1. Going by a ≥ b ≥ c, the root eigenvalues of the Cα gyration tensor, does the chain fall in the rounded group (a/c under 1.5), the prolate group (a/b larger than b/c) or the oblate group?
2. Per 0.36 nm of contour for each residue apart, how much would the distance between LYS3 and THR78 grow if the chain were fully extended, relative to their Cα-Cα spacing?
3. Specify whether the C-alpha gyration tensor of the stretch 27-83 places it in the rounded, prolate or oblate class, a ≥ b ≥ c being the square roots of the eigenvalues: rounded for a/c under 1.5, otherwise prolate if a/b is larger than b/c and oblate if not.
4. Rounded, prolate or oblate: pick one for the stretch 1-48, where a ≥ b ≥ c are the square roots of the eigenvalues of its C-alpha gyration tensor, a/c under 1.5 means rounded, and failing that, prolate if a/b is larger than b/c, else oblate.
5. What distance in nm lies between label points placed 7 Å from Cα along the C-beta direction at LEU34 and TRP11?
6. Select from GLY23, ILE59, LEU77 the residue farthest towards the positive end of the dipole of the chain; place +1 on Cβ of Lys and Arg, -1 on Cβ of Asp and Glu, and compute about the Cα centre.
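Just so it is clear, none of the values below were taken in a lab; they were calculated from the coordinates. All values reported here derive from a predicted model rather than from experimental measurement. Here the Cβ positions follow ideal geometry from the backbone for every residue, glycine too, while neighbour counts run over all protein chains shown.
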Amino acid sequence: MRKVQFLAVFWTMFLAIPLTVLGISIAAYLTDHLSEIFAAVANWSLATSAVGRGWSSEISQRWPEIAGMIVGQIVILTILIFVRQNRIAEEENKA
């Protein structure tokens, strides 16, 4: 029993300490370089999108279409589920 407890604590510390250091390092790097990262993403977005408007404006104009497609698919799947359940119930009543 003591061996199991020791192994659990050992592996928890073995994984937790390096990952905590990595997380703190990433947070510090992002804090220091966030403006440069945003500028690079904005430049890439303007360079790769149509008419140079940027991905954020393109996505903000298209989200209603995407939301409509998702809602439509959910409605179709819901109808199919109800139809299947009704068909199974009818088959059980006939038998």
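1. Because a/c hits 1.5 or more and a/b fails to exceed b/c, the chain counts as oblate.
2. Between LYS3 and THR78, full extension yields 21.8 nm more.
3. oblate
4. Note, shape of the stretch 1-48 comes out prolate.
5. 3.7 nm
6. In the chain, that residue is GLY23.
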